[in-house]
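Structure first, commentary second.
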Amino acid sequence: MSLTPDLIHLTITAVFSFLVGMELKTYRDQYHTKEENLYFGTARTYTFIGILGYIFYKMDTVHLSLYIIVLVMLSLLFLSLYIKKIQKGKSSILPYVVMLAVYAFGPITELFPLWMPSLLLVLIIFLLNAKQPLQRFSNDINMHEFETLGKMLLLSVVILPLLPNTHIIPYLPISPFKIWLAVVVISGISYGGYLIQKYFFPSKGYFLTGIFGGTYSSTATTVVLARKAKSAGNSSVIDAAIIAATSMMYVRLIVVAIVFNFAVAKSLMMPFLSLALVGMVAAFVFMKQGDQKTENTDFVDKNPLELGTAFLFAGLFVLMMAVTHFVIGHYGDNGLHILSFFVGFTDIDPFILSLLTGKYTVVQHELVAAIMIAAGSNNLLKAVYALWFGGWKGGDRSALWVALLGIITIIWAFWGDIGFIFNI
C-alpha cells in the first residue's frame, strides 16, 4: 500500500521542523550560552509548531482563519518574551523569524514540489551558520557600491526592456536597446572581476592583483603595479603581475566577443588564447625568479560600475560606431586599420563593441584584424605606462614583454589578413 500524499507532506514538515530546531539550538549554544531563558522553545517546540502549521492549514485551506489565529497567538507569546529581552538589553528577533519559517513549512510542502521546502531548510541552516562571515562582510563592504549596483540594476532590469529595439538613431544601424545592452554586459564583466579582486582576494599579492585586475582594466592595473615597481625596484613578482594583467585582457576580449558576435569570437579564439598563454608562461617564469613570499599591494578602490562611467561608455560606444562607419565608408580597410591602431591608445572597449555589434561593409576577417590591431596598440600604451610609472629600473622588463605581445598581436592581425587574401 502506497503512502498518501498528506502523510508524506506531514512527515516532511515534521522532519524539517525538527532539523531547524536542532540547528537553532546549536546556534544558541555557540553564540548565546548565557541567554537560555530568553529563547523561544527547543527542537521539540519547533517540531510541534511545524506540525500545527500543517494541520491548521489543511483544516481550512480556503479562508485560512485557523492558520492565521494560531500564528497570531504564537506571535503574542513571542511578544511577551521579546519584552523581557528588551528589559535585559537584548533585541534579537531571530528565533521569531525562524519560527515563522517553520510555521510556513506545512503550506509550502503542500503547495510546492519538494525542492521548495528543501531549499528553505538549506537557507535557514546556511544563514544560522553564517553569522560571523556575514558580519565580516558587512563591515568590509563599501555601501556606496551597493548604491551603485542598485542604480545599475534599475537601468538594466527596468529601463533596458523599455528601450526600443529598432533603429531610430540616424546613420547608426543599431537600436538603443543594443547600445545599452552592450554597456550592461561590459560593465558586468568589469564589475565581476572588481568584486572578486576586492572581496575574495584582497591583499593576496601582486600576482593575483594582476590576474583579476586584468579582467576589468588591464591598463589601470598596469599603472598601479608600475608605481609599486618604481619603489620596489627590479621586482620579478610585479613584472609577472603586469604581464598577467595583459594576458587576462585577451581572455576578457574573447568573452565579450562570444556574447556579441560568436563568429568573430571563433576567429579570435586561437590568436588571443595563444597570446594569453605566452603571456602567462612568461609571467610564471618571472614568478619563479622572484621572492615567493606574499606581497601585499594597495588595491585601488575605484568602482568600474559607476553610472557616470556607464553613460560615458555609452556615449563613446555610439561615437566609435559613427566614426567607424565614416572611416570605412570613405577610406575602406586601410582606414579601418589605421583607426584601430590609434584607438588602441585610448579605451578600446567602446571601439571593439562597435565592431562586434555594428553592420559594416567589410568582411569578417577585417573586423577580426581591426580588433587585434586595437588590442596590440593598447599593449604598446601599457608598455609606455610601465616605463613611465615604473621607471627604467622598475618597469623595463614588464614593458618589454607587454610591448612584445602588442607587436606580435599587430603582426598576427596583418599576417592573418594577408593569409586570407592569398589563401595561405
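Figures for the structure shown
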item	result
Counted charge near VAL102, where neighbours are those whose Cβ lies closer than 14 Å (Asp, Glu -1; Lys, Arg +1)	+1
Accessible-area order (highest first, 1.4 angstrom probe) of the listed residues MET99, MET73	MET73, MET99
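The values are calculated or read from the model by the stated rules, or taken from the named source; none is laboratory data. Values in this document were obtained by computation on a predicted structure and should not be read as measured data. All Cβ positions, even for glycine, are placed from backbone atoms using ideal geometry, and neighbour counts span all protein chains on display. The accessibility values were calculated without ligands, DNA or RNA, using every heavy atom of the protein model including side chains. Shrake-Rupley method; radii C 1.70, N 1.55, O 1.52, S 1.80 Å.
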